[in-house]
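The values are calculated or read from the model by the stated rules, or taken from the named source; none is laboratory data. If you're wondering where the values come from, they're calculated on a predicted model, not measured in any experiment. All Cβ positions, even for glycine, are placed from backbone atoms using ideal geometry, and neighbour counts span all protein chains on display. Quick note on the areas: whole protein, heavy atoms, side chains included, nothing else; ligands and nucleic acids left out. Shrake-Rupley method; radii C 1.70, N 1.55, O 1.52, S 1.80 Å.
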Amino acid sequence: MMSSSTLWGNISDQYGRKTGLKVSVLWTLYYGILSAFAPVYSWILVLRGLVGFGIGGVPQSVTLYAEFLPMKARAKCILLIEVFWAIGTVFEVILAVFVMPSLGWRWLLILSAVPLLLFAVLCFWLPESARYDVLSGNQEKAIATLKRIATENGAPMPLGKLIISRQEDRGKIRDLFTPHFRWTTLLLWFIWFSNAFSYYGLVLLTTELFQAGDVCSISSRKKAVEAKCSLACEYLSEEDYMDLLWTTLSEFPGILVTLWIIDRLGRKKTMALCFVVFSFCSLLLFICVGRNMLTLLLFVARAFISGGFQAAYVYTPEVYPTATRALGLGTCSGMARVGALITPFIAQVMLESSVYLSLAVYSGCCLLAAVASCFLPIETKGRGLQESSHREWGQEMVGRGMHGTSVTRSNSGSQE
C-alpha cells in the first residue's frame, strides 16, 4: 500500500480518476480471491502484499467523489461516505465471528472480497470527473457529464460558457513542493502518518489488552510467560470478539462528532481536537482500570482517531488543485502506510518490554500531530477547489450570485 499509493495517484491524475480506481479495485479483487488458495505461508505473504498494492488506490474514490460535490456540502458528504468504511470494519468482525470457528481463514478471505465484486459489476455506471475532463481538454466529455448530472437531478444546466484550461503536466511530485504547497505537504504527511500510526496501533493494542484483561495484567504477564514460545497464538474468545465489535462500532459516533464540528471549527481545528482527545485517552490507559472502563476508553479513543482520519480525508482533496489532487492524496496515503508499517513494533514488540512506554509513544505522536494541524497554512472551510497548479482559476466562490448579478460565471468547478 505504501509503495502503490503514489503510483495510483499519478495514474488517476494522468489517465482519469475512474480509470485509476477501476484498475486498483479489479487488481485487489483478483489477488484477494487468489490469496485464499495460497498453498504455503510464503505465498500468503506474497499474495496479501499484492492485495495491499491494489488497496493503495482505494483512496482515489474520495478524489473522484470530492470533485462532484458543491462547496457547502463537501465535508458532510465525504464524512458520510466514510460511514461505509466503518460498516466494512463492523462487517469484517461479524464475518470473522461466524466464519473463523467453522470455515476457517480461507473462506474469510473469499467472503471479504465479495463487496469488491459488486463494485466491479457496477463500475460501468460510474462517471468520470468533469473537473478532470476539463483540465485534460475533454470539453465534450465534461459537458456530457454535467448534462447527465442535471438530468438525473432534474435541474437546469448553469448559464455561461465552460472554460477549458488544458494542463498537460498533471500529477507531478514537484508541484507538491512549490512554495505555495511545500509546508502543507510536509505537515499533511506527518498528520496522515500519525493518524494511521495511532489508528492501527489502537486496533492492535485493543486485541492485546483484551487478551490480558487490562494494562496491569500485561505488565505482570510478560514475566510469567517468558518460558513460553513467543510465537504461541492465543485464540480470541467470543467475549473478545464482542468487545472488538463494540470498539469498532465507536467509529460511528466518531463520524457523527466530526460531522457536527468540522463546519463549525474548521478542518484544522477538528483534526487537532481529535488528536488531543486520543492522546488524553491513551494517558488514561496508564491507570489500572477494569474491563468495562478499558472498553469505554478504547471506544472513545477509536472514535476520535477515526474522526481525525476522516477530517484528513476531507481536508486533503480540498487543499490541492485538480492537477495534483489525486497525487497529493496518494502520497499522503503512502505516508499513512509508513505509520501502519511501524506501529506493530510499538503495539506488539515494544509492548513486551513496557506497555507504558508504548502508550506514551502514541500519546506523544498525537500531541505533535495536533500541533502540526494547527500550523497548516491553509484552512479549506468555505474555500473552493482550485483547478490548475499553475494559476488559481475556476474557484467555486466565483459562481452564481456574485455581486448581485444574475449571470453565472461557469468556469470549470463553479457548479454550485
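Here are the numbers for the structure shown:
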item	result
Computed FRET value (nearest 0.05) for VAL93 with ILE378, which takes r as the C-beta separation and R₀ as 41 Å	0.65
For region 1-147, projected area of the alpha-carbon convex hull averaged over all directions, nm²	9.9
Global form of region 110-156, assessed from the alpha-carbon gyration tensor, a/c cut-off 1.5	oblate
Label zone at TYR356, where the point sits 7 Å out along the Cα-to-Cβ direction: region 269-291 residues whose backbone N lies under 17 Å	282-289
Peptides 129-138, 324-333 ordered by average Cβ neighbours within 10 Å, highest first	324-333, 129-138
Karplus 3J(HN,Hα) series, Hz, for region 64-69 with 6.51 cos²θ - 1.76 cosθ + 1.60 (x for Gly, Pro)	4, 5, 4, 6, 9, 9
Spin-label pair LEU159/GLU238, simplified geometry with 7 Å Cα→Cβ offset, distance in nm	6.8
Projected label distance in nm at ILE110 and ALA144, using a 7 Å step from Cα toward the beta-carbon	4.0
Solvent-accessible area per residue for region 1-126 (1.4 angstrom probe, square angstrom)	51
Separation between Cα centres of region 238-258 and region 7-62, rounded to whole Å	27
Gain upon complete extension [LEU103, LEU256; 0.36 nm per residue less C-alpha separation]	51.5 nm
Extension gain, PHE177 back to PHE345 (0.36 nm per residue minus Cα-Cα distance, nm)	57.4 nm
For region 50-60, Karplus couplings with θ = phi - 60° (6.51, -1.76, 1.60), whole Hz, Gly/Pro x	5, 4, x, 4, x, 5, x, x, 4, x, 5
Gain upon complete extension [ARG264, CYS77; 0.36 nm per residue less C-alpha separation]	65.8 nm
Under Karplus coefficients 6.51, -1.76 and 1.60, residue-wise ³J(HN,Hα) of region 136-145 in Hz, glycine/proline x	8, x, 8, 5, 4, 5, 4, 5, 4, 5
